[in-house]
1. Restricting the search to the range B:199-218, which residues are of a type in the set (A, V, I, L, M, F, W, C), within 14 Å of chain A (Cβ to nearest Cβ) and within 13 Å of DNA strand C (Cβ to nearest atom)?
2. Can you find a residue that is within 16 Å of DNA strand C (Cβ to nearest atom), surrounded by fewer than 20 Cβ atoms within 10 Å (Cβ to Cβ) and not in a helix (DSSP H, G or I) anywhere in the range B:169-190?
3. Taking the range A:142-155, which residues are facing chain B (nearest Cβ under 7 Å) and buried (at least 23 other Cβ atoms within 10 Å of the Cβ)?
4. Evaluate the following for A:Leu221: is it at pLDDT 95 or above, more than 9 Å from DNA strand C (Cβ to nearest atom), within 19 Å of A:Arg70 (Cβ to Cβ) and away from chain B (no Cβ under 14 Å)?
5. Test B:Asn192 against the stated conditions and say whether it is away from chain A (no Cβ under 14 Å), touching a helix residue (DSSP H, G or I) at 6+ places or on another chain (Cβ under 7 Å), near DNA strand D (Cβ under 10 Å from one of its atoms) and at pLDDT 95 or above.
6. Cβ-Cβ distance below 9 Å, separation of 6 or more or different chains: which pairs start in the range B:200-222 with a residue that is closer than 16 Å to B:Ile245 by Cβ and end on one that is within 6 Å of DNA strand D (Cβ to nearest atom) and modelled with pLDDT of 95 or more?
7. Among the residues of the range B:53-100, which ones are in contact with a strand residue (DSSP E or B) (Cβ under 8 Å, 6 or more places away or on another chain), facing chain A (nearest Cβ under 10 Å) and not aliphatic (A, V, I, L, M)?
2 protein chains.
Amino acid sequence: MPVESLARAPGAPDAVLRRLSGYAPLAPDEAALLRQVTARPVLVPARTELMRDGEAAPRPQVLLEGWACRQRLLADGRRQIIVVLLPGDLVGLDQRRRPLPFGSVTTLTPAQICEAGALRECAAASGTAQGGETGGRETGLAAALRQAREMEELWLVNQVVRLGRQTAYERVAHFLLELRERLAAVDRVQENRFTFPITQEILADALGLSVVHMNRTMQQLRRDGLVEQRATAITLRDVPALVAIADYAGAHDLP
Amino acid sequence: MPVESLARAPGAPDAVLRRLSGYAPLAPDEAALLRQVTARPVLVPARTELMRDGEAAPRPQVLLEGWACRQRLLADGRRQIIVVLLPGDLVGLDQRRRPLPFGSVTTLTPAQICEAGALRECAAASGTAQGGETGGRETGLAAALRQAREMEELWLVNQVVRLGRQTAYERVAHFLLELRERLAAVDRVQENRFTFPITQEILADALGLSVVHMNRTMQQLRRDGLVEQRATAITLRDVPALVAIADYAGAHDLP
DNA sequence: CGACTAATTGAAAGATATCAATTTAGGTGG
DNA sequence: CCACCTAAATTGATATCTTTCAATTAGTCG
């Protein structure tokens, strides 16, 4: 993974601010808090474990650049990636009441990470819809963090449906559309093209397939003119067709 | 489904109180609130939709008796059950910031349902770990509701791993162990035996299998002496063996 | 140029789905 | 209690989808 891919335009809002402000309007001091949190990113290599499985009190962190995943390993070595984490995503933000096997979190590429302890109390309060104990209105940041949590649940639901009831071909189409939508929310997509920094082995572990079949499925999508891959970037050539194939229901187009 | 299976010992704590008090100690007034919420259950038939997919403001409800599920339908009729809901489970408790396709909630058997609007504000506040805006300690009920939410996330993670990386045989074993653990939390298990009121078709839709293969897999488990089915009850004959087969990591280690 | 890792291929085995009956169980009306 | 009805469970045969195994080819980096 070329490290340069972690560069970003100076002055541009980082992925975390970009994403959360897309969920709810943030007050100036809230935006400032986020900028402060993301001011000093730490660069970690691929395969860094950010959170151990079953950890009771994980460190709250945000992913500024690079991809990661939550995964679970079976005793015999099989691996299932539960959800892929992208720039702007939050890790270990919710306090666990007890250690449970939610999976470990590991970087898939080199990544920029920030400690985000400052967000935890706000995330904790973000359940307080409109009038909890204080009767106060929910702050913008709390609302955004709550929305972020809801999106995480949606990704899990999507993952269940993909794995349970879709063919390999459909799964990949669906997954790519989800990635596109999520990356678009942090300005990582131009004309349906985005960097795609993971190997087919990782993709296979995410979509519950063997590497070989993953490879063949990807080739089929390319042959069908639906996607195009060059080096570490991917282009979705025909989004409507992909949507039809995957029966994809995005966050935006709902009844 | 015989309606009598919905009966329960008079005076015994209902499933909701039983479960939540197992997650965190409840104050007397909290327990009273729960008893009040569950005082007037409504009996609904199987296949009742409790919550529509993408519904923005679902009614908060609790499931007192009977089984239900959250599910998503694909355009061509395929169905994936995302999570099975058991007595004591909560539905539509968290306020959604916007309508998203989290799936619809439908009863799988006749069920007793209670409106639970009274719990929503408390659930909303249950993010407030130890010291949100008020700096106050989290109440027992809020802690319990938060734990309930964490368990829901765990079930989703388990479902992803089952569907993504386990064989049919392993999936069923894993699922049965999870059911046993969850039902035990509401006193529905005696000596590894519990009522099992769903058809193989439903099971198949939950585990991402065809009905025929579901049937054969179940037969294999029976032939192997791992489970025993009589009428509408199932017995896990060899839990340690099932745990080994399924690579099951439970929340606790049950008796 | 090696030494890797990732992508790709071909062939064969294994798992699961589909199709089409058939049998079983439970509930109902006579 | 029996005949009958329908949903559920079961079976056998066959078609598909996926995995596994074993190489082979590309691509990257020191």
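1. Hits for the range B:199-218 are B:Leu203, B:Ala204, B:Ala206, B:Leu207, B:Leu209, B:Val211, B:Met214.
2. So far as the range B:169-190 goes, no, none of its residues is within 16 Å of DNA strand C (Cβ to nearest atom), surrounded by fewer than 20 Cβ atoms within 10 Å (Cβ to Cβ) and not in a helix (DSSP H, G or I).
3. A:Arg146
4. no
5. It is false that B:Asn192 is away from chain A (no Cβ under 14 Å), touching a helix residue (DSSP H, G or I) at 6+ places or on another chain (Cβ under 7 Å), near DNA strand D (Cβ under 10 Å from one of its atoms) and at pLDDT 95 or above.
6. If the second residue must be within 6 Å of DNA strand D (Cβ to nearest atom) and modelled with pLDDT of 95 or more, the pairs left are B:Met218/B:Gln200.
7. Scanning the range B:53-100 gives B:Asp53, B:Arg70, B:Gln71, B:Arg72, B:Arg79, B:Gln80.
Yes/no per residue for (1) within 16 Å of DNA strand D (Cβ to nearest atom); (2) within 16 Å of A:Arg96 (Cα to Cα):
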| site | (1), (2) |
| --- | --- |
| B:Glu150 | no, yes |
| B:Asn158 | no, no |
| B:Gly164 | yes, no |
| B:Val172 | yes, no |
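The values are calculated or read from the model by the stated rules, or taken from the named source; none is laboratory data. This is a predicted model, so every value here is computed, not measured. Counting neighbours? That spans all protein chains shown, and the Cβs are built from the backbone with ideal geometry, glycine included.
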